[in-house]
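Only one structure is covered here, and it is reproduced in the block below.
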Amino acid sequence: MPPSSHTTAVQHIYEQHHSWLRGWLKGKLHNASDASDVAHDTFVRILGGRHAAQILEPRDYLATIAKGLVIDRYRRFSIEQAYKQTLAERPEPTTLSEEDKAIIIETLVAVDKALSGLGERARRIFMLSQLEGLTYQQIADQLHVSLTTVKKHMIRALTECSLIMANPS
Amino acid sequence: MTRPNRKAFEAAATWYVQFQSQLPTPAEQQAWQQWLNGDPSHQAAWNQMEQLQRSLGALPQDITRRALSTTQQRRQVLKWMLVLGASGYLGWNVQNHTSVGNVWADYRTHVGQRRRIELADGTQIDLNTNTAIDVAFDERQRLVRLREGEVLIHTGKRGGHLPFYVETRQGRVQALGTRFTVRQLPDSTRVGVLQDRVDLAPGDQPEHHRILGAGESADFDRRNVLPTQRYGDVQTAWSNGQLIVLDARLGDVIDELARYRSGALHCDQASTGLRVSGTFRLDSTDAVLANLKATLPIQVKYFTRYWVSVTRIG
């Protein structure tokens, strides 16, 4: 089977811009192996797409994707860090299986990512509902907003979370 | 498999929130069932919503609280950094370990290395040999933790009015101006000011603080600030890779050189009082030793590359 125009385009972009991308990332991350990883993941992402042949400004495009990946790594890293710190600070040692740990971290990464795209009020409402276990009416009373507003923000937050969980990066 | 689109997820979330809010009437239940059967992607979206609820329900509260609140706090700073990053100023490191709470950037040099970094607010920091710092900037302050070694700091203008601190094992140094150095010694901290002023506050007795002006230097421990000394470009020549000495004791020069070399570098009692003047290159301490040997009555013995001994002859 001949390579598609998409694959050819990715290959072309790779040849022309891969070392630029790695250098650019290295300047930002101050770490050569992180930079190589992110550069690699960036191309994996583009390859997984469909329209590489239509990319007009490859460097802008690569930089945009790479930046997103850096933020994802940062997000995952800080969540794992919080996970470790919290466990360490618990009064009694906790044993969580690797599987539990994976689910917790995946969920938190998705939720954190979803919440980052929402406004402050939606974040607050989501946290009060999911974390504090308040009913929608209690949240409405506490924040002095209407029940409809609470529901609207919950719908938005749950939609974003499930979209992210359905399409993990 | 049918992949649900945003609209399907929105519908699933709407049903879900509605059912959470109050028990569905039979009519609502029927409407929901119809929606569910209307398209395979609806079923998939609903399954995903239930899966999400199970995962959310399984989250331990303490972990969730910390994970989400700390990352959400960091977000503003992260955005700020990325904006600057686009113009090429950004230096931050995702991989290294964290300092408590804030956005961290962790930088270090090994023995004999020097490095200049530029932070998001435009601050330039020169790290001298064997130095480690954490950078923690947030909405309230700009904080650099000096874990070991020595830094020359040139504070940036883009930090606005946010206070700039350097923390050491002995206390806190606040920049009231632009250029200064901080060095972590074994039991004290040494601060030298090149431009403007700096406020030193010992950790246990912050009321013993002292403000140093340009050209001044002082050491402090956790309780007191010691007398002020003179300070200048000679002391910061390391940032240009140089060691400048004027009529210094050989013992002190050797101690200073030892900071830039791995392994042991000693001189004997007889040679320690010899006087030395000159400008030396720090990137080649072997050449400096050869140079000293050529001008002073000393012998430089290499037992190994990492064990060098200076003794007086004649």
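Reported count of residues in the range A:123-142, each being buried (at least 16 other Cβ atoms within 10 Å of the Cβ) and more than 8 Å from chain B (Cβ to nearest Cβ), is 8. In the range B:1-28, the residues that are facing chain A (nearest Cβ under 9 Å) and without any contact (Cβ under 8 Å) to a residue 60 or more places away in the chain reach residues that are in a helix (DSSP H, G or I) and of a type in the set (Asp, Glu) with C-beta atoms within less than 8 angstrom, at least six apart or across chains, in these pairs: B:Gln18/B:Glu28. Kindly establish whether A:Ile103 is under 30 Å from A:Ile46 (Cβ atoms), of a type in the set (Val, Ile, Thr), at pLDDT below 85 and in the same structural domain as A:Ser36 (by TED's automatic domain parsing). Against the criterion (under 30 Å from A:Ile46 (Cβ atoms), of a type in the set (Val, Ile, Thr), at pLDDT below 85 and in the same structural domain as A:Ser36 (by TED's automatic domain parsing)), A:Ile103 does not qualify. Whether a residue is within 35 Å of the chain's Cα centre (by Cα) and assigned by TED's automatic domain parsing to the domain that holds B:Val191 was assessed, and B:Ser217 passes this test. Within the range B:164-176, identify whether any single residue is over 21 Å from B:Ser239 (Cα atoms), outside any strand (DSSP E or B) and at pLDDT 90 or above, and answer yes or no. Taking every residue of the range B:164-176 in turn, at least one turns out to be over 21 Å from B:Ser239 (Cα atoms), outside any strand (DSSP E or B) and at pLDDT 90 or above. For the range A:149-169, the set of residues classified as without any contact (Cβ under 8 Å) to a residue 60 or more places away in the chain and hydroxyl-bearing (Ser, Thr, Tyr) consists of A:Thr149, A:Thr159, A:Ser162, listed by residue number.
For B:Leu185, only one of the following conditions fails: (1) surrounded by fewer than 18 Cβ atoms within 10 Å (Cβ to Cβ); (2) over 18 Å from the mean Cα position of the chain (by Cα); (3) not acidic (Asp, Glu). What is its number? Just one mismatch for B:Leu185, condition (2).
Can you tell me which residue is nearest to B:Pro60 (Cα to Cα) among those in the range A:73-109 that are within 12 Å of the chain's Cα centre (by Cα) and more than 7 Å from chain B (Cβ to nearest Cβ)? This residue is A:Ile105. Each residue in the range A:95-115 was checked for being crowded, with 17+ Cβ neighbours inside 10 Å and either without any contact (Cβ under 8 Å) to a residue 24 or more places away in the chain or touching a Lys or Arg at 6+ places or on another chain (Cβ under 6 Å) (or both), and 4 of them qualify. Looking across the range B:180-211, the residues that are more than 19 Å from B:Ile125 (Cβ to Cβ) and aliphatic (A, V, I, L, M) come down to B:Ala201, B:Ile211.
The values are calculated or read from the model by the stated rules, or taken from the named source; none is laboratory data. This structure is a prediction, so every number in the text was calculated from the model and none was measured. Cβ coordinates were reconstructed from backbone atoms using ideal geometry, including for glycine residues, and neighbour counts include every protein chain displayed.
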